[in-house]
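The values are calculated or read from the model by the stated rules, or taken from the named source; none is laboratory data. Note that the coordinates shown come from a computational prediction; the quantities given were computed from them, not determined experimentally. Every residue, glycine as well, gets a Cβ built from its backbone with ideal geometry; the counts of neighbours run over all protein chains shown.
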Amino acid sequence: MSDADTAGDASGATATGAALDALLDLLDVRPAPAGEAAQAFTGAGEEAQTFTGAGAGHDEYGLYGGHTMGQAVVAAARTVGDERRLNSLHAYFLRGGDGTAPVDYAVETVRDGRAFATRRVRATQRPAGDRAGGEAAGEAAAGEIGRRIIELAASFHTPETGSAEMSVPAPAGLADPETLPTFHECIAEVGPIFGEHWSNDPRPVDYRLAHAPWAPSGPSERGGIDFWFRAPHRMPDDPVMHAAVLVYMSDDCIADNVTVPYGRTWGSPGTHVVSLDHAMWVHRPVRVDEWVYVEQWPLVATGARGTSEARFWQDGRLVATALQEALARF
């Protein structure tokens with residue numbers, strides 16, 4: 001390896017590490033400021049706990065679904081006991097978000113049981129004028145509700161031991177992730193097929209493509225996109241943030257699996273792909289600062305809608321499963 005290659009690798013690792021730190025700060029939503037009537041803007045009841053999360057800082061493609069789901073999971077998790085762990089979620093994407101604006105999250109308690117806690121999260125964005133000052137800085141106009149962009153239900157479980165322990169077989173013959181090309185190395189060969197920001201901005205994780213139409217190997221035998229990822233440096237032991245990054249990455253390219261058979265991506269001209277809903281089950285604890293293998297494939301496409309599945313593996317164990325339906329028009 002030349003000195004230039006070594007310097008390039010070091011620069012890329014530094015950028016990825018900074019991007020991860022920025023992502024962790026982005027996902028870690030803050031309680032809404034005192035006196036701010038976020039319940040009124042979200043349409044939630046007075047008993048709801050409210051949080052505020054930052055936007056993406058640009059509006060090239062609106063708000064990435066993993067961004068809002070990750071923030072919603074953190075908001076929900078901050079209202080349950082520290083001993084409980086995310087075990088499932090179901091999100092409905094109601095409308096596109098504004099990447100330049102903050103997001104309000106209202107968390108309502110559905111149930112607190114002995115083993116499970118269930119939360120409902122509403123994410124809304126206020127009209128730009130309502131962020132500026134005056135009456136809107138502290139109180140919503142009567143009956144005014146922000147633009148609702150996502151509804152998410154999340155379940156948290158107190159860990160248990162049980163006799164049931166099985167799984168579908170793990171994928172065999174996986175390549176060492178460090179021998180595979182990075183996302184940006186693949187994009188450098190094909191151009192910014194996902195728009196400038198998504199294609200060229202530093203990724204918050206070390207991201208290695210095993211199978212994809214834009215990777216040297218092409219799509220998998222199932223016609224899907226498979227990749228490895230891990231945080232570029234050790235993360236704190238907070239299980240909430242590990243779960244949030246996992247949820248964030250679960251939306252990375254799952255919808256694209258529907259377009260793979262047609263040689264398209266969501267960035268292709270004349271292609272309109274948006275997530276409609278996303279379900280995820282977290283089967284086992286996972287650390288996202290250790291390698292996670294993601295295998296994905298399309299299940300069905302009909303009537304301008306398509307569904308894809310993703311499985312997440314770590315150390316040969318199935319740690320999570322996701323399903324997503326997307327609108328796909330082209």
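Of the residues Leu323, Leu276, Leu327, Leu318, only one is within 12 Å of Asp256 (Cα to Cα) and in a strand (DSSP E or B); which? I'd like the intermediate steps shown before the answer.
On the way: Leu323 fails: within 12 Å of Asp256 (Cα to Cα); Leu276 fails: within 12 Å of Asp256 (Cα to Cα); Leu318 fails: within 12 Å of Asp256 (Cα to Cα).
On inspection, the qualifying residue turns out to be Leu327.
Looking at Asp238, is it farther than 17 Å from Val168 by Cβ, among the charged types (D, E, K, R) and under 16 Å from the mean Cα position of the chain (by Cα)? Full working, then the answer.
Details: farther than 17 Å from Val168 by Cβ: yes; among the charged types (D, E, K, R): yes; under 16 Å from the mean Cα position of the chain (by Cα): no.
Here the answer is no, as Asp238 does not meet what is asked.
Scan region 145-171 and report the pairs whose first residue is over 30 Å from Arg95 (Cα atoms) and whose second residue is loosely packed, with under 14 Cβ neighbours inside 10 Å, with Cβ atoms within less than 6 Å and a gap of 6+ or a chain change.
Listed pairs, sorted by first residue: Thr158/Glu83; Thr158/Ala115; Ala170/Gly316.
Return yes or no: is Gln39 crowded, with 19+ Cβ neighbours inside 10 Å and modelled with pLDDT under 95? So that I can check it myself, show each step before the final result.
Values: crowded, with 19+ Cβ neighbours inside 10 Å: yes; modelled with pLDDT under 95: yes.
It is true that Gln39 is crowded, with 19+ Cβ neighbours inside 10 Å and modelled with pLDDT under 95.
On the given criteria, is Arg264 basic (Lys, Arg) and modelled with pLDDT of 95 or more?
Numbers: basic (Lys, Arg): yes; modelled with pLDDT of 95 or more: no.
So Arg264 fails the test.
Go through region 193-221 and count every residue that is surrounded by fewer than 16 Cβ atoms within 10 Å (Cβ to Cβ) and over 21 Å from the mean Cα position of the chain (by Cα).
4
If a residue must be touching a strand residue (DSSP E or B) at 6+ places or on another chain (Cβ under 6 Å) and modelled with pLDDT of 65 or more, how many such residues does region 42-59 contain? Talk me through it step by step, then tell me what you get.
Applying the first criterion (touching a strand residue (DSSP E or B) at 6+ places or on another chain (Cβ under 6 Å)) to region 42-59 yields 42, 44, 48-53.
From the residues that got through so far, the ones that are modelled with pLDDT of 65 or more too are 44, 48-53.
Going through region 42-59 one residue at a time, the tally reaches 7.
Do we have Gly133 as assigned by TED's automatic domain parsing to the domain that holds Thr68, modelled with pLDDT under 95, surrounded by fewer than 12 Cβ atoms within 10 Å (Cβ to Cβ) and not in a loop (DSSP other than H, G, I, E, B) here?
On the way: assigned by TED's automatic domain parsing to the domain that holds Thr68: yes; modelled with pLDDT under 95: yes; surrounded by fewer than 12 Cβ atoms within 10 Å (Cβ to Cβ): yes; not in a loop (DSSP other than H, G, I, E, B): no.
Criteria not met by Gly133.
Is it the case that some residue within region 215-230 is of a type in the set (S, T, N, Q) and touching a residue at least 40 places away in the same chain (Cβ under 8 Å)?
Here is the first cut: in region 215-230, the ones of a type in the set (S, T, N, Q) are 217, 220.
Remaining after also requiring touching a residue at least 40 places away in the same chain (Cβ under 8 Å): 220.
Among the residues of region 215-230, at least one is of a type in the set (S, T, N, Q) and touching a residue at least 40 places away in the same chain (Cβ under 8 Å), which makes the answer yes.
What number of residues in region 81-95 are over 15 Å from the mean Cα position of the chain (by Cα) and of a type in the set (Gly, Ala, Ser)? Quick ask: steps written out before the conclusion?
Our first condition is that a residue be over 15 Å from the mean Cα position of the chain (by Cα); within region 81-95, this holds for 81-85, 87, 94-95.
Checking which are of a type in the set (Gly, Ala, Ser) leaves us with 81.
Residues meeting the conditions: 1.
Quick one: in region 137-170, which of the residues that are touching a Lys or Arg at 6+ places or on another chain (Cβ under 6 Å) and small (Gly, Ala, Ser) is modelled with the lowest pLDDT?
Gly146
Scan region 245-258 and give yes if some residue there is touching a residue at least 12 places away in the same chain (Cβ under 8 Å) and surrounded by fewer than 21 Cβ atoms within 10 Å (Cβ to Cβ), otherwise no.
Taking region 245-258 and keeping what is touching a residue at least 12 places away in the same chain (Cβ under 8 Å), we get 245-258.
Checking the rest, the ones that are also surrounded by fewer than 21 Cβ atoms within 10 Å (Cβ to Cβ) come to none.
No, because not a single residue in region 245-258 is touching a residue at least 12 places away in the same chain (Cβ under 8 Å) and surrounded by fewer than 21 Cβ atoms within 10 Å (Cβ to Cβ).
Exactly one condition in (1) under 20 Å from Gln324 (Cβ atoms); (2) outside the structural domain of Leu323 (by TED's automatic domain parsing) is false for Val205; which is it?
So the condition that Val205 fails would be (2).
Which one of Arg284, Arg264 is closer than 23 Å to Pro236 by Cα and either touching a helix residue (DSSP H, G or I) at 6+ places or on another chain (Cβ under 7 Å) or in a loop (DSSP other than H, G, I, E, B) (or both)? Can you show your working first?
Working: Arg264 fails: closer than 23 Å to Pro236 by Cα.
Just a single option satisfies the conditions, and that option is Arg284.
Could you tell me how many of the residues in region 226-278 are of a type in the set (Gly, Ala, Ser) and touching a Lys or Arg at 6+ places or on another chain (Cβ under 9 Å)?
Narrowing region 226-278 to residues of a type in the set (Gly, Ala, Ser): 231, 243-244, 250, 255, 263, 267-268, 270, 275.
Imposing the further condition that a residue be touching a Lys or Arg at 6+ places or on another chain (Cβ under 9 Å) reduces the set to 231, 243, 270.
Summing the residues that are of a type in the set (Gly, Ala, Ser) and touching a Lys or Arg at 6+ places or on another chain (Cβ under 9 Å) in region 226-278 gives 3.
All but one of (1) in contact with a Gly (Cβ under 8 Å, 6 or more places away or on another chain); (2) under 29 Å from Arg329 (Cβ atoms) hold for Pro232; which doesn't?
(2)
Report, by residue number, each residue of region 154-178 that is surrounded by 10 or more Cβ atoms within 10 Å (Cβ to Cβ), among the small types (Gly, Ala, Ser) and under 30 Å from Thr79 (Cα atoms).
Listed by number, the residues that qualify are Ala154, Ser155.
What pairs come out if I take residues in region 54-70 that are under 18 Å from Asn200 (Cβ atoms) and of a type in the set (A, V, I, L, M, F, W, C) and pair them with residues that are at pLDDT 95 or above and part of a helix (DSSP H, G or I) whose C-beta lies under 8 Å away, six or more apart or interchain?
Cβ pairs passing all conditions: Ala56/His67.
Looking at Glu309, Glu290, Glu295 in this structure, which one is of a type outside the set (A, V, I, L, M), at negative phi, in contact with a Leu (Cβ under 6 Å, 6 or more places away or on another chain) and assigned by TED's automatic domain parsing to the domain that holds Thr179?
Working: Glu290 fails: in contact with a Leu (Cβ under 6 Å, 6 or more places away or on another chain); Glu295 fails: in contact with a Leu (Cβ under 6 Å, 6 or more places away or on another chain).
Testing whether each residue is of a type outside the set (A, V, I, L, M), at negative phi, in contact with a Leu (Cβ under 6 Å, 6 or more places away or on another chain) and assigned by TED's automatic domain parsing to the domain that holds Thr179 leaves just Glu309.
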